[in-house]
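Participant: Take a look at this one; I'll ask things after.
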Amino acid sequence: MQYIRPLSIEDAVGVISNTAGTVAILAGGSDLLVRMMGGFVEPDLIVDIKAIEGLSEIRETSEGFKVGAAVPCALLGENAALRKAWPGVVEAANLIGSKQVQGRCTIVGNLCNASPAADSVPALVSAGAKAMITGPKGDRTLPVESIPTGPGKTSLTKGEIVQAILLEKRPAHSGDAYLRFIPRTEMDIAVVSAAVNLTLDQQGVVASARVALGAAAPTVLLVEEAAKVVVGSKLDDATLDTLAAVCSDACRPIDDKRGTIAFRRKVAGVLAKRAAAIAYARAGGK
Ligand SMILES: Cc1cc2nc3c(=O)[nH]c(=O)nc-3n(C[C@H](O)[C@H](O)[C@H](O)COP(=O)(O)OP(=O)(O)OC[C@H]3O[C@@H](n4cnc5c(N)ncnc54)[C@H](O)[C@@H]3O)c2cc1C
C-alpha cells in the first residue's frame with residue numbers, strides 16, 4: 001500500500017490517473033480509516049489531500065463561501081461569517097460524531113462517503129451547495145445532490161477530487177436549519193433528518209424554499225413539492241401541517257431495528273416542520 005501527500009491538485013490527479021489499482025482519497029479519515037480497519041477496503045494508493053494548497057481554507061468571496069475539501073468541520077463552527085450566513089449547514093457539520101471527530105472530519109468526506117444518513121448532506125442540499133471537482137478531464141461543478149448515487153456510491157469518476165464546496169451569497173431575510181432524530185443525545189447516526197432553507201420577502205412571506213430529507217431514501221431527498229407548499233406562506237399552522245404530510249409521503253426509508261418505515265415517515269414530517277419554523281425565525285420571520 002502506497003501513501004502520498006501531494007502539494008498540488010494537479011499532482012494528485014496525475015498520480016491517481018497513472019495508478020492501476022484501487023485509490024482512496026484521504027481527508028479526515030473518519031470514514032476511510034474505519035473501513036480500512038474493518039477490512040472493507042484495502043486501497044493500493046492513499047492520496048492524502050490535506051497538504052494541497054488552498055484545500056484547508058474557508059474563503060469568503062463576493063459570490064459566497066468556498067469551503068476547501070480538507071477543512072475540518074470544527075473550523076466551520078469557528079467561522080463567524082459562515083455561521084451567520086449558513087447556520088443550518090454549520091449546525092449539521094457540528095453534529096457529526098464528537099468534538100474529536102469534528103477536529104478531523106470534513107463535509108466533503110461526509111458527502112463522498114455517500115451514507116444516506118450523513119448529517120451535513122441534507123443541509124448542503126437544502127442550501128443549494130455545489131461541489132467543485134477536478135479530474136483528469138478537467139474541472140466541473142455539480143450540485144451536491146448529484147454526487148451520492150446510492151449507499152457508498154458516487155458519480156465521481158476515477159481521478160476526480162472534490163476541491164471545495166461552494167455556498168452562494170445569501171439574499172437578505174434568509175435562514176436555514178437542520179434537525180435529526182437519534183435515540184441517544186450524541187454520537188449516533190441519524191434515524192431520519194430534515195433540512196430547510198428559506199428566503200423571505202420584506203413582508204415575511206416565504207419567497208423561495210428548499211427542503212431536504214436525510215436517511216429517508218438511498219440518497220438525500222430534495223422534496224420540491226414541500227418547497228412549493230411553503231412558498232407564498234408565512235408558515236401558518238396549516239401550511240406547516242401540509243409540509244409535514246408532504247415530507248412524510250416523500251419518504252422511501254428502510255425498515256430496521258433503529259426505526260420502522262412508519263416511524264421514519266412520521267418523524268421526517270415532524271422534523272421538517274420544526275426545521276422550517278427555525279429557518280423562518282432565523283430569516284427574521286415573525
Ligand atoms: C466515531 C464516529 C462518529 C461519527 N458520527 C457521525 C455522525 O454523527 N454523522 C455523520 O454524518 N457521520 C458520522 N461519522 C462518519 C464520518 O465522520 C463523516 O462521514 C465525515 O464527515 C467523513 O469525513 P472525512 O473527512 O473524515 O472523510 P474520509 O474518511 O477522509 O473520506 C470519506 C470518503 O470520502 C472520500 N473522499 C474524501 N475526500 C474526498 C474528496 N475531496 N474528493 C473525493 N472523495 C473524497 C474518501 O475517499 C472516502 O471514500 C462518524 C464517524 C466516526 C468514526
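The values are calculated or read from the model by the stated rules, or taken from the named source; none is laboratory data. Here the structure is a predicted model, which means the values were calculated and not measured. Methodologically, a virtual Cβ is constructed for each residue, glycine included, from the backbone with ideal geometry; neighbour enumeration extends over all protein chains shown. The protein model used for the area step is the full one, side chains on, heavy atoms only, and it has no ligands, DNA or RNA in it. Shrake-Rupley method; radii C 1.70, N 1.55, O 1.52, S 1.80 Å.
Participant: Between a residue in the stretch 97-113 that is more than 19 Å from SER155 (Cα to Cα) and among the hydrophobic types (A, V, I, L, M, F, W, C) and any residue that is at pLDDT 95 or above and in a helix (DSSP H, G or I), which pairs come within a Cβ distance under 6 Å, given they are 6 or more apart or on different chains?
Facilitator: CYS105/CYS73
Participant: Quick one: LEU76 ticks every box in (1) assigned to a strand (DSSP E or B); (2) in contact with a helix residue (DSSP H, G or I) (Cβ under 9 Å, 6 or more places away or on another chain); (3) of a type outside the set (Gly, Ala, Ser) bar one, so which box is it?
Facilitator: (1)
Participant: Inspect all residues belonging to the stretch 135-146 and state whether any of them is part of a loop (DSSP other than H, G, I, E, B), more than 11 Å from the ligand (Cβ to nearest atom) and open to solvent by 30 Å² or more (accessible area, probe 1.4 Å).
Facilitator: yes
Participant: Moving on to the next point. Among the candidates ALA74, ALA70, ALA12, single out the residue that is more than 10 Å from the ligand (Cβ to nearest atom), of a type in the set (Gly, Ala, Ser) and farther than 21 Å from PRO151 by Cβ.
Facilitator: ALA74
Participant: Can you tell me which of PRO171, PRO116 is more than 12 Å from the ligand (Cβ to nearest atom) and open to solvent by 20 Å² or more (accessible area, probe 1.4 Å)?
Facilitator: Only one candidate qualifies: PRO171.
Participant: All but one of (1) more than 8 Å from the ligand (Cβ to nearest atom); (2) surrounded by 24 or more Cβ atoms within 10 Å (Cβ to Cβ); (3) of a type outside the set (Asp, Glu) hold for GLY103, so report the exception by its number.
Facilitator: Going through the list (1) more than 8 Å from the ligand (Cβ to nearest atom); (2) surrounded by 24 or more Cβ atoms within 10 Å (Cβ to Cβ); (3) of a type outside the set (Asp, Glu), GLY103 breaks only (2).
Participant: Scanning for something surrounded by fewer than 22 Cβ atoms within 10 Å (Cβ to Cβ) and farther than 27 Å from THR199 by Cα, does the stretch 74-97 turn up at least one residue?
Facilitator: yes
Participant: Among the residues of the stretch 50-72, is any part of a helix (DSSP H, G or I), touching a residue at least 60 places away in the same chain (Cβ under 8 Å) and surrounded by 14 or more Cβ atoms within 10 Å (Cβ to Cβ)?
Facilitator: no
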